[in-house]
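The values are calculated or read from the model by the stated rules, or taken from the named source; none is laboratory data. What you see is a predicted model; the values in this text were computed from it and never measured. Positions of Cβ are backbone-derived with ideal geometry, glycine not excepted, and every protein chain shown enters the neighbour counts. These accessible areas exclude ligands, DNA and RNA; they are computed on the full protein's heavy atoms, side chains included. Shrake-Rupley method; radii C 1.70, N 1.55, O 1.52, S 1.80 Å.
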Amino acid sequence: MGLNCCEASGPRGLFLYPLQTVMERKEGVQVNYFAEGTFKFKTLKAQVATLKQTTTYPRSGVIEMVIDMPKAENFEIFLRIPQYSKATKLAVNGQVINDVQRGSYAKISRVWKTGDKITLELDMRGHVVNTGSTAASAAIIRGPIVLARDSRFAGAAITTMMKPYADKDGYINLTEVKNTTGDNILMLYRATFVPEAYTEKGAAGAKLILCDYASAGNGKLSSSFQVWMPQLIKPAEK
């Protein structure tokens, strides 16, 4: 998996999200994007209905959607399930919807009425992306947002070789950090890295702070930032 410009831009690229968060279609309605607000649509019987989304996405992966409509009606709601969300939870009025496939739309067909609630919980775990090239580098993504190191934050210099400490599936533990910089930063997380070392036992893990790419380098004082982190390679394996 690589990074494209939209992923790397994070909130800078939100202008690229579908022109309509909620779109009508011949079978019912389609939800393309998760944003706080109330969205109107017409049902198959031309009723004017609303779908209210409550969420702090992409800071959180939890989205609640509540239907409001004059009369109960049977139609389908299609929900976009992002490719990154490997372990998605979906329910309607507390009833779990199974077989949700990432990178596609989940279809819910039922008689909808006012007060029906859809709860969607996306998998926002941080994961490490590797270039796989001879000049090895690694980056960290949380949900749809690329994270970056920034020289504003305490810790090893961003030029230091640091290996993200991830599990066998590439997931890395991210702990949310309170913003004390005075700068407007959307997301701040602490993660464990393994620094370059030449001792027999290696070096102990180091805690470093990462921010969302859109906030990187945007402080009151100039700073350097880094998305792709150079990694050690073993020439015999190349």
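Under a model in which nothing but the beta-carbon of Lys, Arg (+1) and Asp, Glu (-1) is charged, the chain shows a dipole of about 220 debye around its Cα centre. If you take the charge dipole of the chain about its Cα centre, with +1 on Lys and Arg Cβ and -1 on Asp and Glu Cβ, which of Ala139, Gln20, Phe153 is farthest toward its positive end? Positive-end residue among those listed: Gln20. Straight-line reach from Lys40: taking Cα to Cα under 13 Å and skipping same-chain neighbours fewer than 8 places apart, the aspartates and glutamates in range are Glu24, Asp68. Placing +1 on each Lys and Arg Cβ and -1 on each Asp and Glu Cβ, with no other charges, gives region 62-170 a dipole about its Cα centre of roughly 200 debye.
Name the residue from Leu44, Ala106, Tyr171 whose Cα lies farthest towards the positive end of the charge dipole of the chain, charges +1 on Cβ of Lys and Arg and -1 on Cβ of Asp and Glu. After comparing all options, I get Leu44. State the percent of C-alpha pairs, over all pairs in region 116-199, separated by a distance greater than 21 angstrom. So the portion of pairs separated by more than 21 Å is 39 percent. For the chain, the carbon plus sulfur part of the accessible surface works out to 52%, probe radius 1.4 Å. Classify region 150-195 as rounded, prolate or oblate, taking a ≥ b ≥ c as the square roots of the eigenvalues of its Cα gyration tensor: rounded when a/c is under 1.5, otherwise prolate if a/b is larger than b/c and oblate if not. Note, shape of region 150-195 comes out oblate. Estimated purely from DSSP H runs of n ≥ 4, each contributing -39500 (n - 2.57), the mean residue ellipticity at 222 nm for the chain is -500 deg cm²/dmol once divided by its residues. The residues of the chain present an accessible area of 56 Å² per residue when probed at 1.4 Å with all protein chains retained.
Computed on the chain, with alpha-carbon pairs under 8 angstrom and 6+ residues apart, the relative contact order is 16 percent. Computed over protein heavy atoms with a 1.4 angstrom probe, the accessible surface ordering of Tyr171, Tyr105, largest first, is Tyr105, Tyr171.
Sorting the segments 174-185, 144-155, 68-79 by their residues' average number of neighbouring beta-carbon atoms within 10 angstrom, most packed first, yields 144-155, 68-79, 174-185. Looking at this model, which pairs from Lys86/Lys107; Lys163/Lys220; Lys89/Lys117; Lys178/Lys207 are more than 19 angstrom apart at the alpha-carbon? Too far apart for the 19 Å limit: Lys163/Lys220.
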